[in-house]
Amino acid sequence: MAIVRFLTFLTVISFAANSAFAENISLKISPESRQGKISEELMGFNAIYCWNPKDFWYYENNIELFKELNTEVLRYPGGEVSDYFHWKLPTYDGWHDAWKNNPDLDPKLAPENDNYITVDDYIELCEKIGCEKMIGVNIDSGLVFNRNADSLREAMEFVRYCKENDYGVKYWYVGNEPYHEGSRISVSAEQYARIVKNFASRMKRIDPDIQIIVNWKSGVFKNNNWNQIRKIIEHAGEFVDVLDVHWYWNWGKASWKSWLSQKPMSQKNQWHPKAPSYEKTIEIFRSRAESFGRDIKFASLEWNVGPKDEGEDLTARQCSLMQAEMMMQFINGGLDIACMWPIDTPNRPNAKFSGRNLFEGKDNPQPVYYIFRLLSNVMGKTLIESEPEDFTLPSAAAMDESSGKIYVFALNKSELERELSIEIPSEGNLKVSGKQAAPLETDSEKIISPLKTSITKEGINAVMKPYSFAMFEIGR
């Protein structure tokens with residue numbers, strides 16, 4: 001084996017209480033075991049036109065902050081709000097349908113609001129960030145107001161407008177959670193399949209290069225849910241390119257205790273008591289999707305830690321660890337596209353997603369932002385095998401084929417301080433430097449700080465604080 005000199009920068013995000021060093025744990029890295037390319041489109045976000053308006057994006061250096069995340073996708077105009085949204089008149093507040101009081105979309109009757117993000121603003125924003133465009137078309141309004149032909153016409157005009165202006169919109173999603181009984185209207189899988197075919201066939205006739213996204217229930221591991229998905233994709237045929245499922249971990253019951261009990265983190269909840277991990281679910285989708293005879297991408301265009309309906313809520317630091325484990329499962333499983341929801345919930349101090357946002361206010365990136373900065377290093381890189389000693393150390397690893405640099409991530413999902421031993425093939429000297437976040441018990445606002453590491457013949461050693469996240473950057 002050739003002598004390799006490693007230059008390693010270790011970054012740890014640390015959260016926790018006082019605890020004496022208690023145990024050793026190992027992590028084996030196998031650079032020769034390549035698992036395929038990690039999607040560049042896992043670092044995506046929902047750009048909600050009314051919650052993340054112009055004064056958010058153009059506040060100081062916020063656009064640069066998203067560029068530093070290697071943001072690859074922005075989903076517009078957002079989630080459920082897209083099924084109220086009329087693109088020609090985007091001045092109405094979210095979750096308010098202009099067709100209710102202004103059926104002809106007369107601009108003179110609409111509220112004035114030059115802060116909300118129009119489609120032209122959105123395209124400009126994507127160009128500045130350098131990310132793919134993803135736009136949703138409204139199917140609910142046509143169903144609610146019995147104006148299905150008008151709804152279809154509106155979608156076609158939207159695609160045509162973007163095509164004629166050479167906006168290069170890659171992805172178009174048809175409706176949002178059309179199955180959800182809590183929405184103002186819901187449809188069956190058969191109804192949705194007909195809607196998708198009707199919309200997608202005409203949208204692709206205008207722009208054949210676009211990719212169509214359909215959205216259905218998340219339990220692809222359950223036979224009844226999969227049969228519904230199969231009906232939708234088979235009926236819509238070649239017009240479907242991406243299946244989107246929404247993953248909110250443990251909705252209504254998210255807690256620190258329940259997260260710690262899951263090794264690994266999974267979709268188990270009151271609706272799916274035997275649900276597998278996200279990584280396993282992606283594997284199940286790949287296996288079942290082979291029956292379609294063509295490649296269908298798998299996406300989660302809304303994902304996050306779910307809210308808790310009662311009791312003590314989670315802190316932003318606790319949520320960031322959970323969000324890190326979810327993202328590592330997306331990386332290891334080979335998910336194609338992911339868009340975190342939401343970026344921020346402005347003017348909603350009691351919102352269910354408090355602590356789960358990427359930002360709290362336009363000037364306050366949350367702990368998860370800094371974890372994503374670390375994870376963004378591996379988007380588009382080659383996944384390599386990482387084998388932790390047990391499930392209390394979720395991990396991921398990747399290689400940059402052009403430079404030979406290796407990235408290793410580890411999450412200490414334990415109340416114990418542990419000495420981590422990273423076993424990685426090498427001969428010769430290792431040069432290691434490290435950084436860590438200020439522990440939870442300190443008053444320091446500094447996210448990143450130095451971390452002491454040591455070198456052995458087998459690899460790299462570092463003491464990980466309880467409940468902490470680490471990144472090793474290993475260069476040749």
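Taking the listed residues Ile331, Ile282, Ile337, the one that is of a type in the set (A, V, I, L, M) and in contact with a Ser or Thr (Cβ under 8 Å, 6 or more places away or on another chain) is Ile337, with no other qualifying.
Taken over segment 457-476, the criterion of being of a type in the set (D, E, K, R) and under 22 Å from Glu401 (Cβ atoms) is satisfied by Glu473, Arg476. For segment 88-104, the tally of residues that are over 32 Å from the mean Cα position of the chain (by Cα) and either modelled with pLDDT under 95 or part of a helix (DSSP H, G or I) (or both) stands at 2.
Asn113 - would you say it is more than 19 Å from Tyr173 (Cα to Cα), out of contact with any strand residue (DSSP E or B) (no Cβ under 7 Å at 6 or more places or on another chain) and modelled with pLDDT under 95?
In short, yes.
Hey, among the residues in segment 327-348 that are small (Gly, Ala, Ser) and more than 10 Å from the chain's Cα centre (by Cα), which one's farthest from Gly380 (Cα to Cα)? Top of the filtered list is Gly333.
The number of residues in segment 124-159 that are more than 23 Å from Asn46 (Cα to Cα), basic (Lys, Arg) and assigned to a helix (DSSP H, G or I) comes to 1. For segment 1-50, a residue qualifies if it is out of contact with any Pro (no Cβ under 9 Å at 6 or more places or on another chain), more than 19 Å from Arg418 (Cα to Cα) and modelled with pLDDT of 50 or more, and the qualifying residues are Ser33, Arg34, Gln35, Gly36, Lys37, Ile38, Ser39, Glu40, Glu41, Leu42, Met43, Gly44.
Of all residues in segment 72-87, which are assigned to a strand (DSSP E or B) and of a type in the set (Phe, Trp, Tyr)?
Answer for segment 72-87, where residues must be assigned to a strand (DSSP E or B) and of a type in the set (Phe, Trp, Tyr): just Tyr76.
State yes or no: is Glu112 surrounded by fewer than 14 Cβ atoms within 10 Å (Cβ to Cβ), assigned to a loop (DSSP other than H, G, I, E, B), over 23 Å from the mean Cα position of the chain (by Cα) and without any contact (Cβ under 8 Å) to a residue 60 or more places away in the chain? Yes.
Which one is modelled with the highest pLDDT among residues in segment 169-196 that are assigned to a loop (DSSP other than H, G, I, E, B) and of a type in the set (Asp, Glu)?
For segment 169-196, the residue satisfying everything is Glu177.
Take the residues in segment 254-277 that are in a loop (DSSP other than H, G, I, E, B) and among the polar types (S, T, N, Q); name whichever of them is modelled with the highest pLDDT. Per the stated criteria, the residue is Gln262.
So, Phe221, is that one in the same structural domain as Glu80 (by TED's automatic domain parsing) and in a loop (DSSP other than H, G, I, E, B) or not?
Considered against the rule, which asks whether it is in the same structural domain as Glu80 (by TED's automatic domain parsing) and in a loop (DSSP other than H, G, I, E, B), Phe221 comes out as yes.
For Ser277, are the conditions met, namely being in contact with a Pro (Cβ under 6 Å, 6 or more places away or on another chain), buried (at least 21 other Cβ atoms within 10 Å of the Cβ), assigned by TED's automatic domain parsing to the domain that holds Phe221 and touching a residue at least 40 places away in the same chain (Cβ under 8 Å)? Considered against the rule, which asks whether it is in contact with a Pro (Cβ under 6 Å, 6 or more places away or on another chain), buried (at least 21 other Cβ atoms within 10 Å of the Cβ), assigned by TED's automatic domain parsing to the domain that holds Phe221 and touching a residue at least 40 places away in the same chain (Cβ under 8 Å), Ser277 comes out as yes.
The condition of being under 14 Å from Phe372 (Cβ atoms) and surrounded by fewer than 21 Cβ atoms within 10 Å (Cβ to Cβ) holds for only one of Lys100, Lys54, Lys67, Lys88, that being Lys67. Counting only residues that are touching a strand residue (DSSP E or B) at 6+ places or on another chain (Cβ under 6 Å) and either surrounded by 19 or more Cβ atoms within 10 Å (Cβ to Cβ) or free of Cβ contacts under 8 Å to residues at least 24 places away in the same chain (or both), which one in segment 377-387 is nearest to Gly333 (Cα to Cα)? It comes out as Leu383.
Does segment 232-248 contain at least one residue that is more than 25 Å from Lys133 (Cα to Cα) and surrounded by 15 or more Cβ atoms within 10 Å (Cβ to Cβ)?
Looking for residues that are more than 25 Å from Lys133 (Cα to Cα) and surrounded by 15 or more Cβ atoms within 10 Å (Cβ to Cβ), one finds at least one in segment 232-248, hence yes.
Taking first residues from segment 350-376 that are of a type in the set (A, V, I, L, M, F, W, C) and partners that are assigned to a helix (DSSP H, G or I), the Cβ contacts under 6 Å between residues at least 6 apart in sequence or on separate chains come to Leu358/Tyr369; Val368/Ser320; Val368/Gln323; Ile371/Ser320; Ile371/Ala324; Leu375/Met327.
Note on segment 437-465: among residues that are within 25 Å of the chain's Cα centre (by Cα) and at pLDDT 65 or above, the one that is surrounded by the most Cβ atoms within 10 Å (Cβ to Cβ) is Ile447.
Residues of segment 232-240 include none that is outside any loop (DSSP other than H, G, I, E, B), within 21 Å of Glu80 (Cβ to Cβ) and small (Gly, Ala, Ser). Against the numbered list (1) assigned by TED's automatic domain parsing to the domain that holds Gly333; (2) surrounded by 20 or more Cβ atoms within 10 Å (Cβ to Cβ), Leu393 comes up short only at (1). If you go through segment 241-253 and pick out every residue that is assigned to a loop (DSSP other than H, G, I, E, B) and under 29 Å from Gly355 (Cβ atoms), you end up with 4.
The values are calculated or read from the model by the stated rules, or taken from the named source; none is laboratory data. Not measured: the values here are computed from a predicted model. Positions of Cβ are backbone-derived with ideal geometry, glycine not excepted, and every protein chain shown enters the neighbour counts.
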